[in-house]
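A quick write-up on the structure given underneath.
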Amino acid sequence: MTHKEPNKNDIKAKKYMNEVKKYFEEYKITEIPKLVNTTETFNKEHLDLLLKMNPKVVSFHFGLPDENYIKSIKNQNIYIISSATTVEEAKILESSGADAIIAQGYEAGGHRGTFASTYKEGEIGLFSLLPQIVDATSLPIIAAGGIANGKGIAAAMMLGAKGVQLGTAFLSCPEASVHPLWKKALSDSSSRETRITSAFTGRPARGIVNRLIEDMENKNDIIPDFPTVGSIIKPLANIAADHGNDDFLSLWAGQSAPMNRNVTSQKLIELLVEETSTTLNNFYKT
């Protein structure tokens, strides 16, 4: 991740701590954790490790790191990918050295990759965003957000995508090491909506609606900067989960979660390939 370092705001932090205090009291926890930075942005230490590991591909979120880091990565012929939620961001990524761009539609689960536009400007559905980015840049575009089956993959390809990125679809596979309550929420997702929230980390992300999302709706003004919120919410989520509820778990999921299938990852990939091929063949026959 290439996020900006959080700004310290004691007034906001105090309001937030007062808001979440009641949750800890419910579980008879008297000592509330402190707000701390739980996730470092990409730095020299990360760069050195990356260059040592020398992967074929590196994918960044929230933009790209310092241009000198990019030069070092490209000098080692590592393929660079990052996410864009607007055409403007896609153009920035192209001019900054990306080799491919993930067009992240508003349907996508997890954190919004927005980094140069406002979050409001990034509220664009995949099949509107994708062809615009394809036309505006010369790089290969990877479609992401709300794709759960071969029909979605075929549609993305028809709109110019050179590849697709699926996340939520694999969370129901037995190999996915996510909390059982998260998997249960995914299986119940046809009756539980997803929503964009900053409640879990301080940065907009899409997840299945639970108590924390509902309670923090319209309270973004008191939520501290990403990623400090996690230092408070994660311990609370673990305690609540031990009591069998998902009130405070970050149940990341895209809008197509109801289409998830409880099959192995290998079987899911086989199905996706078969469905994509069938859809495209049927299209070209007509």
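Yes or no: ASP66 farther than 19 Å from SER96 by Cα and either out of contact with any Gly (no Cβ under 6 Å at 6 or more places or on another chain) or surrounded by 11 or more Cβ atoms within 10 Å (Cβ to Cβ) (or both)? No; evaluated as a whole, the condition is false for this residue. Applying the criterion of at least 2 residues that are over 18 Å from ILE81 (Cβ atoms) and not hydrophobic (A, V, I, L, M, F, W, C) to the strands (runs of 3 or more DSSP E) found wholly in segment 97-180 leaves an empty list. Just so you know, in segment 75-85 the residues that are out of contact with any helix residue (DSSP H, G or I) (no Cβ under 7 Å at 6 or more places or on another chain) and in contact (Cβ under 8 Å) with a residue 12 or more places away in the chain include one that is nearest to LYS4 (Cα to Cα), and it is SER83.
Inspect segment 108-119 for any residue being in contact (Cβ under 8 Å) with a residue 40 or more places away in the chain, crowded, with 21+ Cβ neighbours inside 10 Å, farther than 18 Å from ILE196 by Cβ and not hydroxyl-bearing (Ser, Thr, Tyr) and give the result as yes or no. Checked segment 108-119: no residue is in contact (Cβ under 8 Å) with a residue 40 or more places away in the chain, crowded, with 21+ Cβ neighbours inside 10 Å, farther than 18 Å from ILE196 by Cβ and not hydroxyl-bearing (Ser, Thr, Tyr). If you go through segment 72-126 and pick out every residue that is more than 16 Å from the chain's Cα centre (by Cα) and among the small types (Gly, Ala, Ser), you end up with 9.
Counting just the residues of segment 194-232 that are of a type in the set (A, V, I, L, M) and buried (at least 21 other Cβ atoms within 10 Å of the Cβ), which one comes out farthest from SER256 (Cα to Cα)? Of everything passing the filter in segment 194-232, ILE232 is farthest from SER256 (Cα to Cα).
The set of residues in segment 61-74 that are among the aromatic types (Phe, Trp, Tyr) and touching a helix residue (DSSP H, G or I) at 6+ places or on another chain (Cβ under 9 Å) contains only TYR69. Counting only residues that are over 17 Å from the mean Cα position of the chain (by Cα) and surrounded by 24 or more Cβ atoms within 10 Å (Cβ to Cβ), how many does segment 142-158 have? Within segment 142-158, residues that are over 17 Å from the mean Cα position of the chain (by Cα) and surrounded by 24 or more Cβ atoms within 10 Å (Cβ to Cβ) number 2. Pairing residues of segment 192-220 that are over 9 Å from SER250 (Cβ atoms) and at pLDDT 95 or above with residues that are surrounded by fewer than 18 Cβ atoms within 10 Å (Cβ to Cβ) and of a type in the set (Ser, Thr, Tyr), at Cβ distances under 6 Å and at least 6 apart in sequence or on separate chains, gives PRO204/TYR119.
The values are calculated or read from the model by the stated rules, or taken from the named source; none is laboratory data. Given the structure is predicted, the values throughout are model-derived calculations rather than measurements. In this analysis, Cβ positions are derived from the backbone assuming ideal geometry, glycine residues included, and neighbour counts consider all displayed protein chains.
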